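The values are calculated or read from the model by the stated rules, or taken from the named source; none is laboratory data. The shown structure was predicted, so the numbers you read here are calculated from the model rather than taken from an experiment. For neighbour counting, all protein chains shown are included, and Cβ atoms are generated from backbone atoms with ideal geometry for every residue, glycine included. Please note that ligands, DNA and RNA were not included when accessible areas were found on the heavy atoms of the full protein model with its side chains. Shrake-Rupley method; radii C 1.70, N 1.55, O 1.52, S 1.80 Å.
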Amino acid sequence: MDQSGAAERNVSRPEVHVLSTGGTIASTAGEDGKTPSESGSAVLEAVPDIEALASVTVEDICQVSGFQMDGPNANAVADAVERAARSGADGVVVTHGTDTMAETAYFLETVLEAELPVVCTGSQRSFDQLGTDGPTNLRLAVRAAADERFRDAGGVYVAFNETVHAARDVVKHHTSKLETFQSPNLGPVAVETPTGLRFSGSPGPRVPPIPGARFDPDVQVAIVTNALGADGGVLEAALEGPDAVDGIVLAGTGLGNATASLGGVLEQALEGDIPVVLTSRCYAGSSAGVYGGSGGATTLLETGAILGSDLPAWKARLTLWLALGAGKDRTAIRALFDELE
C-alpha cells in the first residue's frame, strides 16, 4: 500500500485516496476512556484485501473524535479532497467519527469544487474492540468510491453497515447500534450484497451548492430547541452585545413551531434582519406553515422566517453558516433553502 500517494499507481484499478480524521474507527481504550490513537495507515492495514478494490493511498488530516470535529478541521478535509481530485484520484474516502459524520458529509457536498465521489465512513466499535465494524465499513466505502456508477455521478455519501446513504438525507439515529445511519425519508442510495452494490436510488449531489465556501469562525449560528414551557430568555441574551448571533435555526416541535415566549424572541430577531430557519425536532418529515398564533410556524413565516424542509436542525445550521460566511443576503439564503424542497 502506497502511504504517500506519490509513488507510481496501478492504472488498471481506480485510484481512491483515504483521508483519516480519527473517530472511533481509529480509537483505542485508555485510562481516560477511548480516544483516537491509530493512524490512517493502521486503519487501512486492518482490511487486508482492500487493494483488490482499488489502488489506495492515505493521508492523515487530524486525529479527533467525532464530537470534537470543528470548522477548521472540516475546512482542511474539503481542501484535501480538492487536492486529491486535482492529483487524479477517482474517489475519496473520509474516515470520521460517527457523532458528526452526517454533518461533515453534508458540508462537503455543499462546498466541494470536485467532480468525484466522496464517501465518509467510520465505526461504532473501536479499533481494539472485539467485533469492530471498522474494517467492513471501510471496505464498503472504498468499494463505493471506486464504483463506476458513483464515479460518474459524483456527490458525497455515508457508507455504513452494508448501506450507502446520500449526504442530504442521512442521520445518525442510534447511539450504539451498528445500523446507526439511516435516511428516514428516502432510504439508502445503495445496499451491499454478496455480489456487489445494488442501487435503490439515483446517486449524485442533492445539496444546494455554495462552491468554494468554507466555515467562517466569525459567523455565529445558534440552534434553539422548542420544548414544553420553553422560554426565549437564553436566545434573547444571544441577540445582544458584540458577540450576537448572526443567524438562528429553530428545532421546533411538530411542523416547526415554538412556544409563545420563544416565538416572540424569534420575531424580534427577524425584525432585526437576523435570518431564522424553521426545522422540526422530529426524526422524519418536513417543517411547514400550518399553525398560527404566537410561535406558530405560519406566524413566523409571515414575519420572514425560512422553511428548512426536512433537514434536521444541525444540517440547516451548516447551510445558514456557510451562506452567511459567503456574504449571501436573506433573499439568496431563502433561495438556497427553496432548493431543498
Checklist entry - Using the heavy atoms of the protein chains alone and a 1.4 angstrom probe, what is the accessible area of the chain per residue in square angstrom? => result 42
Next on the checklist: If you fit an axis through the alpha-carbon atoms of helix 101-111 and take the longest principal axis of the Cα set of the chain, what angle between them do you get, 0 to 90°, nearest 10?
Outcome noted: 80
Item to check | Degrees, to the nearest 10: 134-146 long Cα axis against longest axis of the chain | outcome: 90
Checklist entry - Just for the chain, what percent of DSSP beta bridges are antiparallel, to the closest 5? => result 30
Item to check | Ranked packing of 280-290, 243-253, 330-340, most packed first, by mean Cβ within 10 Å | outcome: 243-253, 280-290, 330-340
Item to check | Length gained when the stretch TYR283-THR195 is fully extended (0.36 nm per residue, less Cα-Cα span) | outcome: 28.4 nm
Checklist outcome for this item: Helix-only [θ] at 222 nm, the chain, -39500 (n - 2.57) per DSSP H run of 4+, per residue, nearest 500, equals -8500 deg cm²/dmol
Checklist entry - How much of the DSSP beta bridge set in the stretch 146-266 is antiparallel, as a percent to the nearest 5? => result 70
Next on the checklist: If you wrap a convex hull around the alpha carbons of the stretch 101-217, what volume per residue comes out, as a whole number of Å³?
Outcome noted: 115
Checklist outcome for this item: With the label point 7 Å along the Cα-to-beta-carbon line of SER294 and a cut-off under 18 Å to each amide N, the hits in the stretch 214-254 are 226-237, 253
Next on the checklist: If packing is taken as the average number of other Cβ atoms within 10 Å across a peptide's residues, how do 91-103, 133-145 rank, most packed first?
Outcome noted: 91-103, 133-145
Checklist entry - Which distance in Å, rounded to a whole number, links the C-alpha centroids of the stretch 67-134 and the stretch 181-234? => result 14
Checklist outcome for this item: Quick tally, 1.4 Å probe accessible area for GLU179, GLU113, GLU82, sorted with the most first, runs GLU113, GLU179, GLU82
Checklist outcome for this item: Expressed in nanometres to one decimal, the distance between label points 7 Å along Cα→Cβ at GLU31 and ASP49 is 4.2
Checklist entry - Going highest first, how would you order 315-322, 50-57, 193-200 by mean Cβ packing within 10 Å? => result 315-322, 50-57, 193-200
Checklist entry - Over the alpha carbons of the stretch 226-307, what is the largest minus smallest coordinate on each principal axis, giving the biggest first in Å? => result 36, 23, 23
Next on the checklist: With 34 Å as the cut-off, how large is the P(r) tail for the chain, expressed as percent of Cα-Cα pairs?
Outcome noted: 26
Checklist outcome for this item: Of all C-alpha pairs within the stretch 277-329, those more than 12 angstrom apart amount in percent to 65
Checklist entry - For helix 71-86, what angle does its Cα long axis make with the longest principal axis of the chain, in degrees from 0 to 90 and rounded to 10? => result 50
